[in-house]
Amino acid sequence: MKTQIKEKEAKNRPASRKPAHRKKPAPGKLSGPDGGTASGPRRLFSLRNKIFVSFLLPILFVVVIGIVSYNAAAGGLSQKFRDSSLQVSQMAMDYVDVSLAFIKGEALQYMVDGSLVSYALGSMEGDQIAKTNFLNDTRSGLAAIQHMNNMIHNIHIVTKKGIEMCSTNAAERQDGIYEEYCAEMQAKSGDGRTMSQWAEGHEALDSALSLDAADTFMVYQIPTNKKAAYIVVDISSSALYDRLCAINFGEGSICGFVTDNGKELLYENLKEGGTGSLVQGESVFADKDFFADALEGEEMCIARKVRFRGTSYLYIHARSGEGARINFCALVPYRVITGQAQKIKGITAAVVILACVVAGIVGFGITLGIQKNMKAISLRFNQVAGGDLRTEVKAYGKDEFQDLAQVVNNMIRNNRNLVMGLCKTVQVLEQSTGQVDDASGDINTCSQDITRAINEINVGMDKQAEHAQECAVKTNTLSERIKEVRGRVEHTQALVDKTERMIGQGAEIVEVLGDKAQETWEVTRKVGDSITQLQAESQAINEFVETISSISKQTNLLSLNASIEAARAGSAGLGFAVVASEIRKLAEDSNRAAGEIRNQVHMITKYTEQTVKDADYAREIVHIQEKAVRQVIDVFGGMSDQITELLSELKQIAVGTEAADRERNDTIDAVENISAIIEETASSALMVHGMAENLLHSAEKLDHISHALNDNMDGLKTEISAFKVEE
């Protein structure tokens, strides 16, 4: 029968087909994931491009850092230069203000000089010697003042007609021009009547004394008392120019002193041999809007960015604090301010270019070595892909490619061993195929025996299922009882916890009360000590009162003796008798006051003694209260210990109940598991019965599979023969 079934299946079995073989790539070509080769056009994200990008990224960061550094340096240098320029400008103006204040002070001294007023009024014209001495002394004094301050070019005393003028510049006698001078200065004033203390020149005086107007930048003038003469002080242009030369704002900067009316004294800072940009007679500051804006503002010293001759400049303006209507102005090119930052910018650019060149050379060298090793490894991989497992990979250099080559060689060696082992396995598999046919007959016989045993198991499983169901019902009843006991225990435990907290709060309150009682006792004790001290001080007061009483008695006796002696002296002792009477009254008043003090001290002592007794009584009461509080604390402590013990017992009961509940749950789970296992076993028995029948059919198919295995074995031999593993 078995033989007939095999023959029938052999007829119906389709002819065996050899597996289709994949087309192997040609030697020297490495297959890609899509079956193509990797030797196509170079991609954008090639390894060389990535390496160059990785080298250029730090350079880009350096560029960013350079830009940020340049901006920060330019801003910081600009602010520092602005601050220092303002300080220098203010110092220059302060220097001028100090000199002008000195000039005003010296002029004021001559303004109130009585001798000068007398001379100017002509009082010395009749006394030639006095006049000569005055002129000599005045010229010496003016010359001394001129030498003391280099800002003073000349000092003149302008007198009226017929009175000789006095000046540090006049070598010969010059008649006064007071009227002409006043007329000139009034004409220059705004209203044509008043004369300002500060002016920008004096043509009449220059003509009279043969002075060069260019030597004088400003003039300070003040009349003497009674307007007998004018004291005129010329401010030296050369001294101001020297001050400008001492200020260095950098190459190309222009600085100067400018009056409110537009008169300028300018200095341009040029490098040696350079050509200046200033034109004779050209105004640099006075006719500019930024100068007018600075005059209208309230700030004494400013610095702002302006445009001058089409270029950016830093404009600095400082005003005089002496009311001289003189200003210090400066224009500094911004290229001077940011010069250091420009150097940083140039150095950064040079470093970046150098870094790019170095990165390019290093990157090219690295990529050249990588490409060389990759080309060699790819060539060996193509040989392996063609089936040649006898090749060996070599790498150049002493880097990670050596490790890669070692790993690839190990892979090729392992594949070669795998193919050789597979060949041997195929031979063993051929021998095992014949043994499969013999095993299929034995499997058929065992399947029939398994079917009979499973039928007997099914009967026993039904009885076990009935007993397991009954055990589950009893366990559920026990579970309900345990849950009820557990609920009551938890309720009792909550009440005990609440009682324990209340006892703890009571104990804390009583403890605080005990501490307060102790503090009260200490306060009472201190009060008693203070009262005792007060009693002692009262006793000391009594002693002082006794002393005062004794002194008053002695004073009374002395006054009595003095009265007696005064009576003996007769009329000569009347005054002494009055004094003795007053002393006696004073002694009586002192004695009376001492008596009142004694009474008050007696009352204080009486009240103090009663207070001491009350304090002692209060101390005893507080001590008794403290003992009572300590006893209450002990009682609360005992109650807390009892409650703690009761809570511990309840927790033990709760733990036991929870353990019983867990065991009950475990029992229910075990019974349910047993029931489930029985059901699963019964179901498994049916499945095993079906599997036994299927096993019988599978044994019949096993013979069919063994024939197909033989056919596939031939195809596997063909595939393995493509690999070359032996030299």
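Annotations
- Check on Ala395, open to solvent by less than 70 Å² (accessible area, probe 1.4 Å), touching a strand residue (DSSP E or B) at 6+ places or on another chain (Cβ under 9 Å) and in contact (Cβ under 8 Å) with a residue 12 or more places away in the chain: no
- Boolean, Arg501 is loosely packed, with under 15 Cβ neighbours inside 10 Å and part of a helix (DSSP H, G or I): yes
- Only residues that are in a helix (DSSP H, G or I), over 50 Å from the mean Cα position of the chain (by Cα) and of a type in the set (A, V, I, L, M, F, W, C) were counted in the range 352-404, giving 7.
- Residue match in the range 273-280 (condition: surrounded by 13 or more Cβ atoms within 10 Å (Cβ to Cβ) and of a type in the set (Ser, Thr, Tyr)): no
- The range 76-112, subset among the β-branched types (Val, Ile, Thr) and more than 18 Å from Asp234 (Cα to Cα), residue most open to solvent (accessible area, probe 1.4 Å): Val112
- Considering the range 300-324, and only residues there that are surrounded by fewer than 17 Cβ atoms within 10 Å (Cβ to Cβ) and touching a Lys or Arg at 6+ places or on another chain (Cβ under 7 Å), the residue that is farthest from Gln87 (Cα to Cα) turns out to be Ser312.
- Cβ-Cβ under 7 Å pairs, at least 6 apart or on other chains, the range 517-530 side closer than 19 Å to Lys627 by Cβ, far side of a type outside the set (A, V, I, L, M, F, W, C) and assigned to a helix (DSSP H, G or I): Ala517/Gln625; Ala517/Glu626; Gln518/Glu626; Trp521/Arg619; Trp521/His623; Trp521/Glu626; Thr524/Arg619; Arg525/Arg619
Residues are listed down the side, and each one gets a yes or a no for (1) under 30 Å from Glu484 (Cα atoms); (2) at pLDDT 65 or above; (3) touching a Phe, Trp or Tyr at 6+ places or on another chain (Cβ under 9 Å); (4) open to solvent by less than 40 Å² (accessible area, probe 1.4 Å):
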{"residue": "Ala659", "(1), (2), (3), (4)": "yes, yes, no, yes"}
{"residue": "Glu672", "(1), (2), (3), (4)": "yes, yes, no, no"}
{"residue": "Ser675", "(1), (2), (3), (4)": "yes, yes, no, yes"}
{"residue": "Ala692", "(1), (2), (3), (4)": "no, no, no, yes"}
{"residue": "Leu702", "(1), (2), (3), (4)": "no, yes, no, no"}
{"residue": "His707", "(1), (2), (3), (4)": "no, yes, no, no"}
{"residue": "Thr718", "(1), (2), (3), (4)": "no, yes, no, no"}
{"residue": "Phe723", "(1), (2), (3), (4)": "no, yes, no, no"}
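- In the range 248-258, the residues that are open to solvent by 10 Å² or more (accessible area, probe 1.4 Å) and in contact with a helix residue (DSSP H, G or I) (Cβ under 6 Å, 6 or more places away or on another chain): Gly250
- Hits in the range 113-156 (condition: assigned to a loop (DSSP other than H, G, I, E, B) and surrounded by fewer than 11 Cβ atoms within 10 Å (Cβ to Cβ)): Gly126
- Among the residues making up the range 325-338, those that are open to solvent by 20 Å² or more (accessible area, probe 1.4 Å) and in a helix (DSSP H, G or I) are Tyr334, Arg335, Val336.
- Hits in the range 194-213 - residues which are under 60 Å from the mean Cα position of the chain (by Cα) and either buried (at least 22 other Cβ atoms within 10 Å of the Cβ) or of a type in the set (Gly, Ala, Ser) (or both): Ser196, Ala199
- No other residue among Met111, Met151 is touching a residue at least 24 places away in the same chain (Cβ under 8 Å), within 30 Å of Asn248 (Cβ to Cβ) and in contact with a strand residue (DSSP E or B) (Cβ under 8 Å, 6 or more places away or on another chain) apart from Met151.
- Taking the numbered list (1) charged (D, E, K, R); (2) touching a residue at least 24 places away in the same chain (Cβ under 8 Å); (3) within 19 Å of Ile509 (Cα to Cα) in turn, Lys627 passes all entries but (2).
- Top-ranked residue of the range 551-598 - restricted to ones that are of a type in the set (Asp, Glu) and loosely packed, with under 14 Cβ neighbours inside 10 Å, ranked as nearest to Ile541 (Cα to Cα): Glu596
- Verdict on Arg525 being in contact with an Asp or Glu (Cβ under 9 Å, 6 or more places away or on another chain), modelled with pLDDT of 70 or more, more than 30 Å from Ile597 (Cβ to Cβ) and surrounded by 12 or more Cβ atoms within 10 Å (Cβ to Cβ): no
- Taken together, Arg592, Arg619, Arg630 contain a single residue that is over 30 Å from Arg525 (Cα atoms), assigned to a helix (DSSP H, G or I), among the basic types (Lys, Arg) and in contact with a helix residue (DSSP H, G or I) (Cβ under 9 Å, 6 or more places away or on another chain), which is Arg592.
- Residue in the range 231-249 that is in a helix (DSSP H, G or I), more than 25 Å from Ser99 (Cβ to Cβ) and not hydroxyl-bearing (Ser, Thr, Tyr) present: no
The values are calculated or read from the model by the stated rules, or taken from the named source; none is laboratory data. In this text the structure is predicted, and so the values were computed from the model without any measurement. A quick note on method: Cβ atoms are made from the backbone with ideal geometry, for glycine too, and the neighbour counts reach across all protein chains shown. The accessibility values were calculated without ligands, DNA or RNA, using every heavy atom of the protein model including side chains. Shrake-Rupley method; radii C 1.70, N 1.55, O 1.52, S 1.80 Å.
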